[in-house]
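Everything below concerns the one structure shown next.
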Amino acid sequence: MFRNLQVLSQIGAFAARKIGIFPSQILRPFTLSSVNRLKEIHEKREGNNLTIEGVYVDLPKSNVILEKSFNNKGVCSICALGVEVKHTDVLILSQFVRPDGLMLPRRITGLCRKQQKRIGTMVTMAHKAGLMSNLNPTYSKKDPEKRGQWKKFKSYFDESTIGKRKPPKPEWKWIWKKRNFYEKV
Amino acid sequence: MSAVKRVQQWASFARVWHLFDARWQNPFDSGVLIAKYLKGLYKPLYGAQSLCGDHVVVINCRHVALPGNEWRKRVYFHHATYPGSQTWTPAWEMHTRNPVMVMKKAVYTSMHGNLQRRHTMMRLHLFADEEIDPEIAPRISNVIKQIRPVPERLDLMPEEKVKSFPQIADLDKDYVIPELKEYPNWESKFRKMKKEGKKK
């Protein structure tokens with residue numbers, strides 16, 4: 001539902017710009033079905049009849065929901081919080097992750113592009129540091145100290161390096177130095 | 001000299017025993033901190049000639065943490081003066097051989113290479129795990145504060161803490177929760193290679 005709301009709001013904002021209406025008049029929360037639910041697929045077999053139905057299930061923690069991150073207008077849940085998330089905040093990161101530890105895509109998480117990239121890299125950081133070892137495929141050993149070689153030792157990461165690339169080294173030319181020298185003289 | 005002054009001098013020149021927990025700490029940052037206590041630089045009566053250095057006991061040296069990919073990239077060089085005898089050992093290999101060596105070298109390199117360095121290093125007591133020598137344990141009277149906060153692992157957290165933490169992610173409602181796949185015939189690549197090698 002929230003996904004649809006976001007799309008509608010984007011279209012609405014675009015239309016508003018053309019017509020000249022203030023966008024806050026269009027961006028109002030409305031719901032057509034029950035909110036904050038997930039789907040689960042059930043199969044029933046009665047003789048030769050097979051019925052498959054998608055049932056909506058409550059979120060794992062539907063009783064404890066941070067309303068600040070849910071009731072927002074066109075802002076993603078982490079931007080609305082205004083909290084700087086670190087790779088050691090495993091309780092937040094584990095909510096954006098599949099049960100086998102992989103990051104969920106953006107159409108499901110509903111995050112903005114910047115936060116999706118940020119959280120995706122922080123999930124890998126947390127996995128490398130061995131902080132979310134229970135969220136792993138079934139064949140993994142789960143205990144980070146049973147890993148091989150350097151992977152079994154503890155390591156930590158710097159969040160300011162996310163999305164940054166090392167600037168290339170400028171090629172040193174002896175001509176530059178000589179030219180400057182003559183110019184000064 | 002009066003009796004009070006004499007006791008004051010004993011107290012000021014007595015060696016204090018400090019404890020430092022190296023769990024999840026960067027050895028190179030904590031080496032600088034430990035060297036300060038080893039030399040007694042924090043004391044107002046410090047002088048290079050006065051013997052006012054303290055003892056430092058470091059525990060959990062095995063659980064030291066390095067930033068990023070430094071376990072692979074950091075290299076320890078050794079040369080036994082014979083031609084061709086130079087070796088470059090990566091930090092993770094050094095740590096598997098001797099869990100204390102990385103911490104020891106970090107403290108050693110944080111000090112200047114003067115004649116006093118070997119003697120100050122004698123006041124450093126390193127232990128790989130939490131267990132301390134029973135002779136040393138009762139002497140400890142101070143704990144040095146850790147530099148980095150120790151992160152908590154999700155699998156070791158109490159269940160109440162995980163459940164009481166609020167839901168932040170509002171996931172798409174049409175997202176189908178996948179079941180965990182089971183791989184009955186799965187075997188690691190290296191184990192397979194080992195088996196095949198034995199057959200041949």
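Readers should treat all values here as calculations from the given coordinates under stated rules, not as data from a laboratory. Since we're looking at a predicted model, the values are computed, not measured. Backbone-built Cβ (ideal geometry, glycine too); neighbour counts: all protein chains shown.
Helix B:3-13 sits at what angle to the longest principal axis of chain B, using alpha carbons and giving 0 to 90 degrees rounded to 10? Here the helix axis deviates by roughly 40 degrees.
The rule of thumb for compact globular proteins, 2.2 N^0.38 Å, goes into the C-alpha radius of gyration of the range B:48-166 1.40 times.
When the Cα gyration tensor is reduced to axis lengths a ≥ b ≥ c, the ratio a/c is 1.5 or higher for chain B, and with a/b not above b/c it is classed as oblate.
Sorted by mean Cβ packing within 10 Å, highest first, what order do the peptides B:156-169, A:124-137, B:4-17 take?
A:124-137, B:156-169, B:4-17
Counting, for every residue in B:92-101, the Cβ atoms of other protein chains within 10 Å of its Cβ and taking the mean gives 2. The H on the amide N of A:Y156, modeled in the peptide plane, is under 5 Å from the matching H of B:L66, B:G68, each at least 5 residues off or on a different chain. Legend: mean number of C-beta atoms from other chains within 10 angstrom of residue C-beta atoms, peptide A:149-161, equals 6.
For A:I65, the residues whose amide H sits under 5 Å from its own are B:Q167, ignoring neighbours fewer than 5 places away on the same chain, with H placed 1.01 Å from N.
Out of B:K189, B:K181, B:K104, any idea which swings most in a Gaussian network model of chain B, alpha carbons joined below 10 Å? Top of the fluctuation ranking is B:K189.
The string of couplings for the range A:124-139 from the Karplus curve (6.51, -1.76, 1.60, θ = phi - 60°) is 5, 4, 5, 5, 5, 7, x, 8, 10, 6, 7, 8, 8, x, 5, 7 Hz, one whole number per residue in order, with x for Gly and Pro. Per residue of chain B, the DSSP helices (runs of n ≥ 4 H) give a summed -39500 (n - 2.57) that works out to -9000 deg cm²/dmol at 222 nm.
Descending by average beta-carbon neighbour count within 10 Å, the peptides B:170-177, B:66-73 line up as B:170-177, B:66-73, the highest first.
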